[in-house]
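Working notes for the structure below.
The values are calculated or read from the model by the stated rules, or taken from the named source; none is laboratory data. Quick caveat: nothing in here was measured; it's all calculated off a predicted structure. So basically every Cβ, Gly included, is an ideal-geometry build from the backbone, and we count neighbours across all protein chains shown. Surface accessibility is based on the protein's heavy atoms, side chains included, excluding ligands, DNA and RNA. Shrake-Rupley method; radii C 1.70, N 1.55, O 1.52, S 1.80 Å.
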Amino acid sequence: MQEHHGHRWLRWPSDPVRPRLGFGADYNPEQWPRHVWDDDVRAMKVAGVNIVSLAIFSWARIQPRADEWDFAWLDDIMDLLHTNGIAVDLATATASPPPWLTTAHPEILPVDRDGRTVWPGARQHWRPTSPVFREHALRLVRALAGRYGSHPALAAWHVNNELGCHNIYDYSDDAAAAFRQWLCRRYGTVEALNQAWGTAFWSQRYSDWAQVLPPRLAASHPNPTQQLDFKRFSSDALKDHLRAERTVLREVTPGIPVTTNFMVMGETKGMHYADWASEVDFVANDHYVVPGPQAFDELSFSANLTGNIAGGRPWYLMEHSTSAVNWQPVNVAKAPGGLARDSLTHVAHGADAVCFFQWRQSAAGAEKYHSGMLPHAGEDSAVFRAVTELGAALRDLAEVAGTTRQRARAAVVFDWESWWTAEHDSHPTDRLRYRREALDWYTALLDLGVRADVVPVTAELEHYDLLVAPILHVVPAALADRLRAYVANGGHLVTTYFSGIVDEHDHVWLGGYPGALRDLLGIRIEEFAPLLDDQCVELDNGTTGILWTDRIGIIDADVEVLAWYKSGDLAGRAAITRRSVGTGSATYVSTRLGPAGLRPVLTDVLDTAGVHSELPDTLRGQVELAVRQSADAEYWFLVNRTGEPRELSGVEGTILYMQQAGDTAAPGVLGPHAVSVLRRRQV
Ligand code: GAL
């Protein structure tokens, strides 16, 4: 075991040909007749596939009845894949319980907030806390582990699938019982729960654990701390399921690494992945691009956060799409080159495997219009050609496998509890979106050509010269202490509106906002001043704020005002402040400025922190830089963020890969939205 970023190196899928980058997909052979499998494996070899995830939705096929098992087909495909040199990330098949189980045991079905049963008919219709489901699931896991534990194709175990994708919040009686136990472990006594939940309000005081419920449909806003604890509990309940499956797998097959596919992407927020990461042997993530002006920055943000959740170590991109998905209102096909650009951006941020949902596009079922590696049109298609080219590119980049993320000097701090809590109901505005604000800062950093990490709040923050912690809403005393020490030691902290407001129980820090950060920032706010949808406010640095403002009072002589409001009833009041603390500083931004509006303040703070772009002037903002490193080399991934070709002059290094995109192929020119990888000697 080696140490990196304070984490252990855990186990990686066994692979006879390390180092190499994994390349493959979810493979669902049960959807196809046997003769297609031979063709699949032949085409996989054409494409360069070296690993597939198998049996994800195979429960009903493997166990057609309670006491009937059918492994013959799975034996057959495991052998076929192995004979052809393709490794298997074998799912435990527990994601979608079969009809015989839900018919015999309807009590495993989840119940939504309104008390409605979530019926079978789609997938993931199981309660995370159902003892009956757990028993049946673990029986299946044990059977699979026993049968395939020593199969030579087996590289890793894939627990369930996207835990929490559809079943994160279950309000059933099983959930209620498990929630009470969780609360009892957390608080010990009902009195402590009453304190934490502030139940003096609205006559909510409990006199017995049996009275406590999940936040089901209620007459008005449910208790906020109850909501926060239910979110914590729900994430823990699924984590507990992951651990239960893993325990069986480690007992039966101690040598095989275990993972599950996270969903660090977009607004998927129920699962606290920074907390889950230490439960798996290697981190795996699924990511899908959602169209929008910051779509590719969002991909980079998610990949970056995943890499940092993995402690800087390599991780597995378990799913993304070759082209369109099927679950958005309009499902747009990727532009030419988009497939490689998306894949390699994940590699840039530490992915050592590039896998897709799914290998062969389905002919039937709810995902038949979701792209695959082998589309409906067959091998004679642009998608399959792009897939094959990507397979070749990943082979050429084999030496990158096993290298780690090179830490940046700046970081955006990401906190699940602030995300959950800041977006609760009964707040000053229901328009606030935590992740959008965080992404705006990341975009602004990219626009300035500055490489930044996206790190969970639990990371070793002291390694960074600049920390941007947008909407850091939940600040327990210990976190406030950490941030104070960070700044006192010369760190530069930037935070925003609605930060520092509550403690871990969602109780307001009294005495004026921003509560826990008031002294550090040297400001005091008496009342929030959110904006209506049609309102905006001008700042004297030429930018415009929306969503939120604060009436800032300055309470420390070391605070300077970086920008003033100049319109509305806030005219003449501070909008952006900075308190200097020795060589460190603490900056506060009181409104939502958007990526372009954040640039001036970031430029100023970056300058103060001495953090500069590593890119030549001509590429700043145009090209994203991500760096991986080994003992003797560093790898620069350059991703063209624009639709124009960019000359790479001024960047040193040996070109390992240059994506050919558009008609602009020319030596040293990065095509529109294309990626290049350079090897440089370690400095
Ligand atoms: C994921 C899931 C896959 C497939 C894919 C489609 O959420 O794990 O099974 O449904 O999305 O985008």
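Structure above, values below:
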item: Residue match in segment 149-158 (condition: open to solvent by 30 Å² or more (accessible area, probe 1.4 Å), modelled with pLDDT of 95 or more and either within 16 Å of the ligand (Cβ to nearest atom) or not in a loop (DSSP other than H, G, I, E, B) (or both)); result: no
item: Subset of segment 319-352 that is among the charged types (D, E, K, R) and outside any helix (DSSP H, G or I) - its residue that is surrounded by the fewest Cβ atoms within 10 Å (Cβ to Cβ); result: Lys334
item: Residue check for Arg484: in a helix (DSSP H, G or I) and touching a Lys or Arg at 6+ places or on another chain (Cβ under 7 Å); result: no
item: Near pairs, Cβ below 7 angstrom, 6+ apart or cross-chain, from segment 171-193 (among the acidic types (Asp, Glu)) to any residue that is at pLDDT 95 or above; result: Asp174/Arg127; Asp174/Thr129; Asp174/Ser130
item: Residues being assigned to a helix (DSSP H, G or I) and either within 16 Å of the ligand (Cβ to nearest atom) or among the basic types (Lys, Arg) (or both) - total across segment 252-275; result: 1
item: Matching residues in segment 280-294 - criterion: being open to solvent by 10 Å² or more (accessible area, probe 1.4 Å) and either within 16 Å of the ligand (Cβ to nearest atom) or of a type in the set (S, T, N, Q) (or both); result: Tyr288, Val289, Val290, Pro291, Gln294
item: Residue within segment 633-651 that is of a type outside the set (Lys, Arg), in a loop (DSSP other than H, G, I, E, B), on the phi > 0 side of the Ramachandran plot and at pLDDT below 95 present; result: yes
item: Residues of segment 354-408 that turn out to be within 15 Å of the ligand (Cβ to nearest atom) and either basic (Lys, Arg) or free of Cβ contacts under 8 Å to residues at least 40 places away in the same chain (or both), as a count; result: 3
item: Condition check for Ser300: of a type in the set (S, T, N, Q) and within 16 Å of the ligand (Cβ to nearest atom); result: no
item: Residues that are open to solvent by less than 30 Å² (accessible area, probe 1.4 Å) and touching an Asp or Glu at 6+ places or on another chain (Cβ under 8 Å), drawn from segment 522-544; result: Gly522, Ile523, Ile525, Ala529
item: Any hit, segment 311-320, residues being over 22 Å from the mean Cα position of the chain (by Cα) and either touching a residue at least 60 places away in the same chain (Cβ under 8 Å) or more than 14 Å from the ligand (Cβ to nearest atom) (or both); result: no
item: Odd one out for Leu249, checked against (1) part of a helix (DSSP H, G or I); (2) open to solvent by 10 Å² or more (accessible area, probe 1.4 Å); result: (2)
